[in-house]
Structures are given as structure tokens and as C-alpha cells.
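The values are calculated or read from the model by the stated rules, or taken from the named source; none is laboratory data. Fair warning: this is a prediction, and the values are worked out from it, not measured in the lab. A quick note on method: Cβ atoms are made from the backbone with ideal geometry, for glycine too, and the neighbour counts reach across all protein chains shown. For accessibility, only protein heavy atoms count, side chains too; no ligands or nucleic acids. Shrake-Rupley method; radii C 1.70, N 1.55, O 1.52, S 1.80 Å.
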Amino acid sequence: MRRFLLRRLAATPLTLLAVSVLVFTATELIPGDVARTILGREASDATVARLRIQLGLDRPVATRYADWLEGFVTGRWGDSTLLRVPVRDLVLTRLGDSLLLGALAFVLLVPVALTLGLVAGVNHDHPVDRILSVSGLTLGAIPEFVTGVILLVVFAVKLRWFPASAQAPEGAALATRLGHLLLPALSLVLLCTGYVARHVRASTVAAVESPYARATELRGFTRGQMVRRHVLRNSTIPATSALGVQLQFLLGGLVAVELLFNYPGIGALLLQSATEKDLPTLQASAMVLGVLYMLIVLAADVAYRLLDPRIRLGAVAS
Amino acid sequence: MNAVTLPVRHATRPRFRVALGVGVVIVVFWAVVAVLWPHLAPYDPELQDPLHRFVPPGAGHLLGTDQFGRDTLSRMLAGARPVLQVAPPATALAVIAGTLVGLIAGTHGGLVDEIVMRVLDAVVVFPAIIAAVLLVALSGRSVTILVLVIAGSFVPIVARSVRAATLVEREKAYVEAARLRGEPSWSLMLREILPNVVTTVLVEATSRFGDAIFAAATLSFLGLGQPPGSPDWGASVSDNRLWLQLAPWTVLAPALAIASLVVGMALVADSLRGRWEAS
């Protein structure tokens, strides 16, 4: 376990480095002349040259990268060239909004996926299982913006049960905000449920067919008692790793879902700053998302190893 | 590999055959449409008709028209091409590169394996969507960049699977025999091990193809797909969502087209995975 943790923690800075190099390369090197981009086509060459020196664009790439990374680490994220506000407040506020949406999706995902997986696994090879498995597979294959659009047409346009925009009016109570977020969260849940449920189903089938579960049934316990006592724990723990994987999908899915539902989260901010070439905002939101993503992967890995005693033993043995 | 422990009935269960059949029919349908749409579409997908904007689905326009009076059905059929221009080359590239990396890491083992795996770990952890947004938005949209970005994000996934399969094969007697015969390592990899991990490669290829369609559709929805003007499904959903209340058919048609193609591919991939892993 300790060896695993050390190894994982050692890989973390490496990943962060890779993230920062990619962000730096994409935003500082690929777009070409940043000074020209900022000043526009009409600016004279002399003005552009002056700004290049002002921005330090004439220095070697390695120095610029080191300065840039130091600026990010110390919290000097600059001002948004598009919205004319400090990037740090902007990005962190948007991140908070995104986390609210992500948390709602996650809270909905866990019980739904566990229940469906358990039901499918306990009834394995019955029609119930087949229907659940095929629909989980099907829904998981469809991009979240497609399910989102279908949900919008059905529940917001035809039935008018939910608002079409995820953004609640300014200063609305938390309950109202969550109500607005239900459809976008649902499209994320539909994307992820199948995968998690599939893992839960597989471990449920293994647990139901195991000798100890058979023995419980032979001793005269009902199937319900058997499932509660022996299957539940053994089938849900392995699903932790699946949940970790899906958390990453949730985070990635935020970009499309926020765009579709006009929700001002960090995914929408990333996309907007990329298309509008708002580089400081783009760098900060990409870095923040990258760090968050990495922390989620790390946490899911560690949680999985902590929860499953067999993995722990395996690590000691090896 | 595990043929003894897995029940054979999985391979021939009717469910798999039905799912596979349905999936193949859907995928082949869209592939044919992608090639032949100019002969199938009732109208020119770009033809604007200001007098017939937002016409609901009916006799003249089976799936209605959009805000420019363009025929939704024709645009839906034409939209099969952009997706199928990006997904197959991206999948092919990812599978070839990933298989090579996986074979090299798995066959050599030791330091090479360690370095390759650590690099792959670092790349896998990076959210592909962020990389895609960064690269596509800043370096301009083109089919080539889309293909490279999608392929790049899949290489580590393919490489990991192929490496795992290679590690199993590497310990077998035939590899040992080839090694003792003095075969060079490229020959060990390509002539001895590769034919025996081909199932893994094919499973990866079908799964990644579905993922590539997903990714291509999502990027085009985000406005990062092919240059504006192409009747891309994702872009159509994005453009028409402003008129969702007024003309939901303009959004539903491309959305359902994407859904059918990815679901068809998922059915194919899942059935083949069940079949190949059981045999």
C-alpha cells in the first residue's frame, strides 16, 4: 500500500508538468504573435514590437515557461482580456458553479447506478437483466449533449416541467438553483450510469454465484436476506473504481452540457476563452481543470485500494 | 487464453447475434449514406428557401426545415459524411500507434516498459477534452487536426490493453523458442506476439471507433469540428438549439442521427467483445 501510494504521488508532479507544458505550448507557442492578436490587425508594426517587449515575448521559451509556471503557482493569473476582470475570481467562481452541477450529478448517479447494477446482477440472465444491460450500454454510448437535447425537448419544451436554461435568476435559493440544474445533471447521469451499473452487475453476479452466497441460501435464508448480508458489500466496493473513472467523464462532459444549457461553469468558460482567444482565462481554466481532474483520479485510486482489503493484501504480497 | 474457464454458450447466445445484427445494419446504413447522400437527399442540404422557414415535418419536407428554410432530412443525410471522415482515420491511427507502443513496452519490459508506462499514465490522466479544446481552438479547425487530437487521446488506452496482452504472451514457450532461435526483437513483436494479441487489437479497434464517433460529434457540437458550413450533426444541434422551442425537429433529427450511429457501433463493439473474449 505504501509503495503504491508513493508511486502514485511520485507520478502526480509528472502529470502536472505534462499538463502545464501542454497548456503553455498550446497557448503561448501555437497561436503565433500574441501581441498582434491583442492589438488587432490595424496596429502598426512598431506598436506591436513594443508590446512584444512589454509582454516579454522576445525572451527564450524556457525562461517564459518558468516565469509563466511561477505566476500560476503563486496565484498571479492576470486579467481576462475579454471580460476585463481578474482571472482568479472569475475562474474560481465558475469552478464553484461547475462543482455544484457535478456534485448534483454525482449524488444522483451513485444510488441509481448501484440499484440498477444490483437489480441486474441479482436477476442475471433474466429479461430484466438484459433490458437493463442493453439500455445502460446504449445510453452510455450517446454523447451527453444528445441526451441533453432530447431531455430538453421532452421535459422543457413539450411538458414544460423544467426550465430550459440551467441558470437560475440572480440570488435564487439553493433549491431553485438545483431545480434548474436537474436536466443538465440528468444528462450527465445517463452518460455514466451504464458503465458503473455494469461494474456493479458483474461483481453482483460473482457474489451471487459464490459458494458463501449459495450456502446462505441452502441454510434456508431468503434470497433477499442473502443479498443484503452477503452480496451488497461485495458488489458495491469494486464499483468505486468505476465511479472514479466516471467522475472524470463527468468533468469532461461539463463542457458540452454547460454549453447546451447555457450554464456559466468552468467548462463553458474554457470553451469561450479558447474560441475568443482570451489566453489568461484559457490558461487558468485549463490548468484548474487539469489539477482537479488529476486529484479526482488520485482520490479514486486511493479510495479503491483503501476500501478493498484484497487489493491491500495483494500489494503487500507483491 | 481463458477458453477453459469461460462457458462457450456466451459466444452463440442469440442476444449477441441480434445485437450484432442490429448494430451492423445501423452502421452500414450510415456508411452507405455518407457515400451516397447526394443521390439520396431530396433537396440540396445548403439550399436556402426564405419563404419556407421552420416548416414542421410533413409532406413537402419529411423532417421540416430550419431557420434558413433548409431541408432537415437532407442535412441529416449529408451530416453522415463529416463524422465518418474523422472517426475511421482517427481510430486507425490510434490503433496502429497504440499497438506498436504496447508491443514495444510489453516485449522489452524493464526500463523501456517503465518509462513508457509512466509517460502513458501522465497522458491518460490529462482530460482529453481540455487538450482538444486547447489544440483545436488555437491551431485552427481542420480534419487533420481533429484526427490527430482524437487519435492522440486514444493511443494510451490502446497501448495499455495491448501491453497487458503482450505481457501474457511474452511468458509463453513459443516466444521463448523464437528468442532462443535468435529472432530479433522486431520479429518477436510483429511475427510472433502480434498474431496472438490480435483479438485484443480488434476489440480495441471496435471500441475506439465508437469513442471516436462520440468525440467527433462532441467536438463539432462545441464548435471545434470541421470548418463552418458543413452540415455536421454536432454543429447542427448547436446551431439549431436557439430555436429549440420553435422548431424542435431541427435539433432532434441530427441528435437522433448521432444517437443511432453511436448506439449501433456500441452494439457491434459489445457483441464482438463478448464473442472474441469467449473464444
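Listed by position, the helices (runs of 4 or more DSSP H) contained in the stretch B:173-279 that have at least 2 residues being at the interface with chain A (Cβ under 9 Å from one of its Cβ atoms) are B:198-221, B:233-240, B:248-278.
Being surrounded by fewer than 19 Cβ atoms within 10 Å (Cβ to Cβ) and of a type in the set (A, V, I, L, M, F, W, C) is the requirement here; does B:Ile129 meet it? Spelling it out, it is not the case that B:Ile129 is surrounded by fewer than 19 Cβ atoms within 10 Å (Cβ to Cβ) and of a type in the set (A, V, I, L, M, F, W, C). Within the stretch B:155-167, the residues that satisfy the criterion of being of a type outside the set (Ser, Thr, Tyr) and open to solvent by 20 Å² or more (accessible area, probe 1.4 Å) are B:Val155, B:Ile157, B:Arg160, B:Arg163, B:Ala164, B:Leu167. Here A:Ile38 fulfils each of the conditions (1) open to solvent by 70 Å² or more (accessible area, probe 1.4 Å); (2) without any contact (Cβ under 8 Å) to a residue 24 or more places away in the chain apart from (2). When residues in the stretch B:126-148 are screened for being in a helix (DSSP H, G or I) and more than 11 Å from chain A (Cβ to nearest Cβ), 5 of them pass. For the stretch A:171-205, residues that are of a type in the set (S, T, N, Q) and either open to solvent by 50 Å² or more (accessible area, probe 1.4 Å) or over 24 Å from B:Ala266 (Cα atoms) (or both) total 1.
In the stretch A:206-226, how many residues are open to solvent by less than 30 Å² (accessible area, probe 1.4 Å) and under 24 Å from A:Ala303 (Cα atoms)? Residues flagged as open to solvent by less than 30 Å² (accessible area, probe 1.4 Å) and under 24 Å from A:Ala303 (Cα atoms) within the stretch A:206-226 amount to 1.
Among the residues of the stretch A:133-154, those identified as at the interface with chain B (Cβ under 7 Å from one of its Cβ atoms) and buried (at least 22 other Cβ atoms within 10 Å of the Cβ) are A:Ala141, A:Ile142, A:Pro143, A:Phe145, A:Val146, A:Val149, A:Leu152. Residues in the stretch A:155-164 include none that are within 14 Å of another protein chain (Cβ to nearest Cβ) and in contact with an Asp or Glu (Cβ under 9 Å, 6 or more places away or on another chain).
Considering the stretch B:189-220, the residues that are out of contact with any Leu (no Cβ under 9 Å at 6 or more places or on another chain) and aliphatic (A, V, I, L, M) include one that is surrounded by the most Cβ atoms within 10 Å (Cβ to Cβ), namely B:Ala212. Test B:Ile157 against the stated conditions and say whether it is free of Cβ contacts under 8 Å to residues at least 24 places away in the same chain and assigned to a helix (DSSP H, G or I). No, not satisfied. Restricting attention to the stretch A:115-132, which residues are more than 8 Å from chain B (Cβ to nearest Cβ), surrounded by fewer than 21 Cβ atoms within 10 Å (Cβ to Cβ) and in a helix (DSSP H, G or I)? Within the stretch A:115-132, A:Thr115, A:Val119, A:Pro127, A:Val128, A:Asp129, A:Ile131 qualify. Here B:Gln67 clears all of (1) touching a helix residue (DSSP H, G or I) at 6+ places or on another chain (Cβ under 8 Å); (2) among the polar types (S, T, N, Q); (3) without any contact (Cβ under 8 Å) to a residue 60 or more places away in the chain except the condition numbered (3).
Here is a yes/no grid of residues against (1) open to solvent by 20 Å² or more (accessible area, probe 1.4 Å); (2) modelled with pLDDT under 80:
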position	(1), (2)
A:Leu260	no, no
A:Leu298	yes, no
A:Tyr304	yes, yes
A:Ile311	yes, yes
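The single condition among (1) part of a helix (DSSP H, G or I); (2) surrounded by fewer than 19 Cβ atoms within 10 Å (Cβ to Cβ); (3) within 14 Å of chain A (Cβ to nearest Cβ) that B:Ala97 does not satisfy is (3).
Of the residues that make up the stretch A:122-135, is at least one more than 21 Å from A:Gly194 (Cβ to Cβ), in the same structural domain as A:Ile266 (by TED's automatic domain parsing) and in contact (Cβ under 8 Å) with a residue 60 or more places away in the chain? Within the stretch A:122-135 (the criterion being more than 21 Å from A:Gly194 (Cβ to Cβ), in the same structural domain as A:Ile266 (by TED's automatic domain parsing) and in contact (Cβ under 8 Å) with a residue 60 or more places away in the chain), the answer is no, since none of the residues qualifies. Of the helices (runs of 4 or more DSSP H) lying entirely inside the stretch A:1-102, those containing at least 1 residues that are within 14 Å of chain B (Cβ to nearest Cβ) are A:2-24, A:34-39. Residues of the stretch B:36-75 that are in a strand (DSSP E or B) and on the phi > 0 side of the Ramachandran plot: none at all. Just one of the listed residues (A:Ala242, A:Ala213) is assigned to a helix (DSSP H, G or I), of a type in the set (Gly, Ala, Ser), in the same structural domain as A:Gly117 (by TED's automatic domain parsing) and without any contact (Cβ under 8 Å) to a residue 24 or more places away in the chain, and it is A:Ala213.
Among residues of the stretch B:134-152 that are open to solvent by less than 20 Å² (accessible area, probe 1.4 Å), those with a Cβ under 6 angstrom from a residue that is part of a helix (DSSP H, G or I) and of a type in the set (Ser, Thr, Tyr), sequence gap 6+ or separate chain, pair up as B:Ala137/A:Thr275.
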